[in-house]
Amino acid sequence: MRWHKTTLEIHSPGKGLHEITALIRTQLREWQVTEGMCYLFLPHTSASLVISESWDPTARADLETFMERLAPERDNWYTHTLEGPDDAASHIRAMLTNVSLTIPVDEGDLSLGQWQGIYLFEHRARPHRRRLLVRALNAPAD
């Protein structure tokens, strides 16, 4: 077994789902991971990782709208507003989603479903630079 690791920097232009599937696939190809596991971890409290539909953009829009309705900005009961009106809402949204993902790698590719993609879900309104820890375990060839 071989262990690979790196930290990728992702520039998010602001709130929304930003697809990063190709970025992860490129990294796995560079490492020549053929069979194993890919681990992703986002060490942030106002962004998250999700696997969702990547074919129809209306699916992405619906998810973004759902999250806006579920945890709206500027709700009058929020007390955590130190960094602006999206502060508390962004932490709530991150808590409801994931900051880590584990995806099998088979035959040199992520074992995602036909319509699945990996997304950085930015919950803050302004642009951010996010760190993504990428780890991969590559099983030896038989």
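The values are calculated or read from the model by the stated rules, or taken from the named source; none is laboratory data. Since the structure is predicted, the reported quantities are computational estimates derived from the model, not experimental observations. Ideal geometry is used to build each Cβ from the backbone, glycine not excepted, and the neighbour counts take in all protein chains shown.
Can GLY117 be described as modelled with pLDDT of 95 or more, surrounded by 17 or more Cβ atoms within 10 Å (Cβ to Cβ) and either under 20 Å from LYS5 (Cα atoms) or of a type in the set (Asp, Glu) (or both)? Against the criterion (modelled with pLDDT of 95 or more, surrounded by 17 or more Cβ atoms within 10 Å (Cβ to Cβ) and either under 20 Å from LYS5 (Cα atoms) or of a type in the set (Asp, Glu) (or both)), GLY117 does not qualify. Of all the listed residues (VAL33, VAL99), the sole one being touching a Leu at 6+ places or on another chain (Cβ under 6 Å), at pLDDT 90 or above, closer than 23 Å to ARG131 by Cβ and of a type in the set (A, V, I, L, M) is VAL99. Residues of region 1-33 that are under 13 Å from LEU110 (Cα atoms) and basic (Lys, Arg): ARG25, ARG29. The condition of being assigned to a strand (DSSP E or B), surrounded by fewer than 20 Cβ atoms within 10 Å (Cβ to Cβ) and either polar (S, T, N, Q) or more than 14 Å from the chain's Cα centre (by Cα) (or both) holds for LEU137.
Could you tell me whether ARG124 is part of a loop (DSSP other than H, G, I, E, B), in contact with a helix residue (DSSP H, G or I) (Cβ under 7 Å, 6 or more places away or on another chain) and under 30 Å from GLN27 (Cβ atoms)? When the stated conditions are applied, ARG124 passes them. For region 82-110, the tally of residues that are out of contact with any Cys (no Cβ under 9 Å at 6 or more places or on another chain), surrounded by 12 or more Cβ atoms within 10 Å (Cβ to Cβ) and outside any helix (DSSP H, G or I) stands at 10. Entry remark, region 84-111: residues being within 20 Å of HIS4 (Cα to Cα) and either under 13 Å from the mean Cα position of the chain (by Cα) or in contact (Cβ under 8 Å) with a residue 40 or more places away in the chain (or both) number 12 in total. Residue count for region 4-22, restricted to those that are touching a residue at least 60 places away in the same chain (Cβ under 8 Å), outside any strand (DSSP E or B) and among the hydrophobic types (A, V, I, L, M, F, W, C): 1. Within region 57-80, residues that are in contact (Cβ under 8 Å) with a residue 12 or more places away in the chain and surrounded by 11 or more Cβ atoms within 10 Å (Cβ to Cβ) reach no partner that is aromatic (Phe, Trp, Tyr) and in a loop (DSSP other than H, G, I, E, B) with beta carbons closer than 6 Å at six or more positions or on different chains. Once region 23-47 is narrowed to residues that are within 16 Å of the chain's Cα centre (by Cα), in a strand (DSSP E or B) and hydrophobic (A, V, I, L, M, F, W, C), the residue that is nearest to LEU112 (Cα to Cα) is CYS38.
For region 43-54, taking the residues that are surrounded by 16 or more Cβ atoms within 10 Å (Cβ to Cβ) and out of contact with any Phe, Trp or Tyr (no Cβ under 9 Å at 6 or more places or on another chain), the one that is farthest from ASN138 (Cα to Cα) is identified as SER46.
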